[in-house]
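Visitor: One structure is given below, represented as structure tokens, and several questions about it will come after.
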Amino acid sequence: MKIALFDATPHWSGGSKRVFLLAEGLKKLGHKVFVVCLPDGVLLKKCAENGIVCMNTKPLNDIDPVAFMKVYSLLKKEKI
């Protein structure tokens, strides 16, 4: 199964850690996991170090159409 997980915190927090642990666990179970996070965040680095596919985007606000289209394109391309 293909699964996308999202996190928008720039620092290592409880939410980021939860997303990372979930992605890591799902990957071990054989799922293809995609993590969408901020480009300068610690989560991006940790996922890359552990072979988890990452896509980074930095939305300008809560309803940034460019960031939305980037994420939508990933979801559509990968059939998530």
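Nothing in this text is a laboratory measurement; each read-out follows from the coordinates by a stated rule. Since we're looking at a predicted model, the values are computed, not measured. We place every Cβ from the backbone using ideal geometry, glycine too, and count neighbours over all the protein chains shown.
Visitor: Using the Cα gyration tensor of the stretch 39-80, with a ≥ b ≥ c the square roots of its eigenvalues, what is the shape: rounded (a/c below 1.5), prolate (a/b larger than b/c) or oblate (neither)?
Guide: Judged from the Cα gyration tensor, the stretch 39-80 comes out oblate (a/c at least 1.5, b/c at or above a/b).
Visitor: Send over the per residue convex hull volume for the chain, Cα only, as a whole number of Å³.
Guide: It is 78 Å³ per residue.
Visitor: Fully extended, how many nm does the chain gain between Lys58 and Phe6 (0.36 nm per residue separation, minus their Cα-Cα distance)?
Guide: Additional length available on full extension: 17.5 nm.
Visitor: Label points 7 Å out from Cα along the Cβ direction at Lys32 and Lys17: separation in nm?
Guide: 3.1
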